[in-house]
Every structure is written in structure tokens, then in C-alpha cells.
Amino acid sequence: MARKHGQNEDAVFACRMHCSQSVKHLDKYHFLRPTLSDHPLHNMVSTITTRRIRNSRPSFGGAAPSSTIPFPRKGNMTAVEILTFLPNSIDCADVVYRLISNGGSRKSIYAIVNTHRNSRAGWSLSWCGKTMYKTMAKAGYTDWTITRHGQWHDQQKSTWDEGKLDVGDLRTTSDEPAGDVPFSELGENVRAMPEVNDALDLTRMVQYCLENAGDVWLYPRDYEELLQLIGGPAQIGKENVDRAVLKRWENKKPRPALPSTERPLQEVEGMMGTRKRSGVARRTSRNTTPGPSLQIKATPTGTKPQMSAAQSTLKDTAGESEIRDELSIPYTRAEVSVTVGGSP
């Protein structure tokens with residue numbers, strides 16, 4: 001047993017040495033999983049491939065109601081009200097179908113969302129289209145696009161009512177709807193309330209709850225009761241219907257996205273200028289000596305040689321190996337090699 005254990009240790013050590021010496025000339029630090037093909041236990045260890053994790057799309061803010069919250073049993077909402085107070089409803093195929101059937105486009109939906117919502121990074125025109133395509137694909141509309149929408153809608157045109165604003169029959173993204181949320185939360189992360197012909201009942205209800213914080217009204221549970229309290233449903237005019245609303249927003253330029261409220265505006269603006277600079281570039285710039293020679297001073301592991309801008313290479317090894325699992329197999333950080341001036 002002792003001999004076998006010693007052989008295992010030798011194999012692990014050889015594996016570590018091989019991985020630490022085989023990776024060179026990378027532009028970033030990467031955590032690499034050592035190859036375990038020679039290790040007696042390699043069949044018991046699954047290979048892990050690390051990758052950068054990206055968000056599925058820009059966030060509408062944590063307070064934006066979930067797309068699983070049901071719509072009220074009866075209630076009229078304009079296209080602007082839906083996208084302003086319930087932006088995640090863009091994940092509901094019934095909502096997308098209604099907007100596109102009534103003349104909606106990526107441009108108009110994008111302009112409405114970014115004018116009325118305070119999203120941290122902005123909701124790009126590309127993300128607007130991708131989100132709708134994904135929503136419709138999940139609902140079974142294979143190869144759906146806005147230009148191909150007629151392939152499905154042509155059969156319903158004869159019975160389709162473009163003036164219908166009632167959301168009672170719109171389905172959510174889940175068969176198990178989420179619970180209720182305070183009406184006041186619908187107004188969070190909203191930078192501009194719907195106005196004039198873009199607003200109907202929901203706008204008045206949210207405004208009432210924001211102005212009367214002591215009264216707790218829940219959406220959608222208290223929808224009908226609260227609506228009666230503020231005077232009942234508003235009369236729908238021809239300028240409130242989707243086609244008129246979406247046409248007004250088709251060529252409107254949305255307001256620029258606001259910076260995150262977690263940081264002062266000055267700090268965010270200061271960071272934008274250096275956002276795309278790599279860590280190596282920042283370290284290099286801090287050690288640059290002004291002058292004709294433009295000498296680069298670096299601090300590689302172990303030694304501190306002087307390197308010219310035309311001939312030398314900056315190398316830096318980040319930290320030591322990190323033990324990440326129960327078998328004590330390390331993740332090694334690869335060396336970084338960046339050529340300063342001249343050809344590599």
C-alpha cells in the first residue's frame with residue numbers, strides 16, 4: 001500500500017510539473033486543469049473546462065417583476081405601460097405576438113424600453129431582437145422572425161382586434177405563476193413615466209402607490225379594487241391602441257443609458273476611459289519612464305532586469321498554484337508574455 005501510494009504521488013507531481021511548463025505566451029491569465037491521463041485515478045476525475053461566464057442579457061434591474069407574475073384577470077394596458085412597468089414580459093410569447101401583430105418592431109420596442117427604463121448597460125437593438133427570437137422559439141414558433149411573423153398571423157388577421165388592450169388573456173412564461181408584488185415596486189428603475197396617449201390605467205395606479213407609500217396595494221391581486229379607488233378605467237382612444245403608439249416610437253431616439261446608481265456619475269465616467277485596457281497594460285503604464293528611451297521597468301518573478309522597449313519581453317507569473325479539490329490537484333496560473341515594442 002505504501003509503495004502504491006508513493007507511485008500515485010509521483011504521478012501527480014509529474015503532472016503538475018508538466019502543466020506548469022507547457023503553457024506560454026498567453027495574453028491573459030487562465031486557470032488550467034492539469035492533464036491526468038497518466039494518473040491512476042484519472043478515470044475518477046472529470047475534466048473541467050473553464051470559460052468566461054456571460055450574462056444572458058442586460059438586466060432590467062432586480063425590482064423588475066418576473067415574467068411569471070400573471071396579468072390581471074381584466075385590465076387595459078398600452079404597449080408603453082407593459083414595456084415600462086413589466087419589461088420582463090418580453091419573455092412572454094403572447095406579448096411579443098401582440099406587439100408585432102400590431103405594427104411593432106425592434107426599433108420601436110427598443111426605444112420605448114430604453115426611454116422609460118433605467119437599465120445599467122442599456123438594452124441594445126441587437127439584444128431586443130435576440131430576446132424576442134428566443135421567446136418565440138421557446139413557444140414553438142420555429143424559425144420565427146419579425147419579417148416572417150405573417151406566416152403565423154395571416155391566418156388570424158380576419159378575427160384579430162388591433163384595438164384590444166385587455167391583458168387578461170395573455171399567458172406568462174410559467175404554468176405556476178409567481179405571487180403578487182407591491183404596485184410601488186413596478187415604479188422602481190423607471191426613469192420616465194408613460195405620458196399622454198402612452199398612459200392609461202396602470203400608470204395612474206403606480207403613481208398613486210408611489211405617492212401614498214403607506215397604502216399597500218398588490219399587483220395583480222388588488223388591480224380591480226385599486227382601479228376603482230382612483231376613478232375607474234380610462235376611456236380608450238384611437239391614439240392609445242398599439243399601432244398608433246408603436247408608430248410614434250418607431251423613429252424616436254431613446255435616451256442614453258444611465259450609469260449604475262451604485263457609483264457616482266463622475267466615478268463611472270472616469271472608469272470608462274480605461275475599461276478596455278488589460279491588467280498587463282495598466283501595470284506597464286504605471287512603470288513607464290517618460291523620455292526618448294521609453295524604458296520599461298517590470299517586476300518578473302525572482303529577478304528585476306531592465307528591458308528595452310524594442311527588444312525585451314515582459315513576463316509575469318501570477319501567484320502560486322491553488323489547491324481546488326479534494327485530490328489536492330492544483331490549478332496553475334500560466335505565464336503571461338507581452339512583447340513591448342518591435343516584433344514578437
Worksheet item: Would you say residue 130 is surrounded by fewer than 17 Cβ atoms within 10 Å (Cβ to Cβ), in contact with a strand residue (DSSP E or B) (Cβ under 9 Å, 6 or more places away or on another chain) and on the phi < 0 side of the Ramachandran plot?
Response: no
Practice prompt. Identify all residues within segment 210-229 that are crowded, with 19+ Cβ neighbours inside 10 Å, within 31 Å of the chain's Cα centre (by Cα) and under 9 Å from residue 183 (Cβ atoms); write none if there are none.
Written response: 217, 219, 223
Item to complete: Could you look through segment 113-125, keep only residues that are of a type outside the set (A, V, I, L, M) and under 18 Å from residue 246 (Cα atoms), and pick out the one that is surrounded by the fewest Cβ atoms within 10 Å (Cβ to Cβ)?
Response: 124
Worksheet item: Can residue 131 be described as over 27 Å from residue 197 (Cα atoms) and touching a residue at least 12 places away in the same chain (Cβ under 8 Å)?
Response: no
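Taking into account only those residues within segment 172-185 that are more than 29 Å from residue 239 (Cβ to Cβ) and in contact with a strand residue (DSSP E or B) (Cβ under 9 Å, 6 or more places away or on another chain), which is surrounded by the fewest Cβ atoms within 10 Å (Cβ to Cβ)?
179
Select from segment 179-204 the residues that are small (Gly, Ala, Ser) and assigned to a loop (DSSP other than H, G, I, E, B) and list them in ascending order.
Passing the criteria: 179, 192, 199.
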Worksheet item: Any residue in segment 99-112 that is surrounded by 19 or more Cβ atoms within 10 Å (Cβ to Cβ), at pLDDT below 85 and of a type outside the set (Lys, Arg)?
Response: no
Worksheet, complete the sentence: Counting only residues that are in contact with a strand residue (DSSP E or B) (Cβ under 7 Å, 6 or more places away or on another chain) and farther than 16 Å from residue 87 by Cβ, segment 186-208 contains a total of 2
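For (1) assigned to a loop (DSSP other than H, G, I, E, B); (2) at pLDDT below 90; (3) of a type in the set (Val, Ile, Thr), each residue gets a yes or a no:
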position: 177; (1), (2), (3): yes, yes, no
position: 206; (1), (2), (3): no, no, yes
position: 232; (1), (2), (3): yes, no, no
position: 244; (1), (2), (3): no, no, no
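Could you list, in sequence order, the residues of segment 208-230 that are of a type in the set (Asp, Glu) and not in a loop (DSSP other than H, G, I, E, B)?
Correct list: 211, 224, 225.
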Worksheet, complete the sentence: Residues in segment 192-209 that are of a type in the set (Val, Ile, Thr) and more than 29 Å from the chain's Cα centre (by Cα) total 1
Response to the item:
Screening 169, 242 for residues that are surrounded by 14 or more Cβ atoms within 10 Å (Cβ to Cβ) and within 31 Å of the chain's Cα centre (by Cα) leaves only 242
Worksheet item: Looking at (1) on the phi > 0 side of the Ramachandran plot; (2) touching a strand residue (DSSP E or B) at 6+ places or on another chain (Cβ under 8 Å), which is the only condition residue 218 fails?
Response: (1)
Worksheet item: Out of all the residues in segment 63-98, which are within 17 Å of residue 168 (Cβ to Cβ) and not in a loop (DSSP other than H, G, I, E, B)?
Response: 76, 79, 81, 82, 85, 89, 93, 94, 95, 97, 98
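How many of the residues making up segment 186-209 are on the phi > 0 side of the Ramachandran plot and either buried (at least 20 other Cβ atoms within 10 Å of the Cβ) or of a type in the set (Ser, Thr, Tyr) (or both)?
Count: 1.
Looking at segment 146-159, is at least one residue acidic (Asp, Glu), assigned by TED's automatic domain parsing to the domain that holds residue 103 and buried (at least 18 other Cβ atoms within 10 Å of the Cβ)?
For segment 146-159, residues acidic (Asp, Glu), assigned by TED's automatic domain parsing to the domain that holds residue 103 and buried (at least 18 other Cβ atoms within 10 Å of the Cβ): absent.
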Fill in: Any pair with Cβ under 6 angstrom, 6 or more apart, that starts in segment 91-105 at a residue that is touching a residue at least 60 places away in the same chain (Cβ under 8 Å) and ends at one that is aromatic (Phe, Trp, Tyr) and part of a loop (DSSP other than H, G, I, E, B)
none
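The values are calculated or read from the model by the stated rules, or taken from the named source; none is laboratory data. Note that the structure is a prediction, hence the values are computed from the model and not measured. Glycine also receives a Cβ, built like all others from the backbone with ideal geometry; neighbour counts cover every protein chain displayed.
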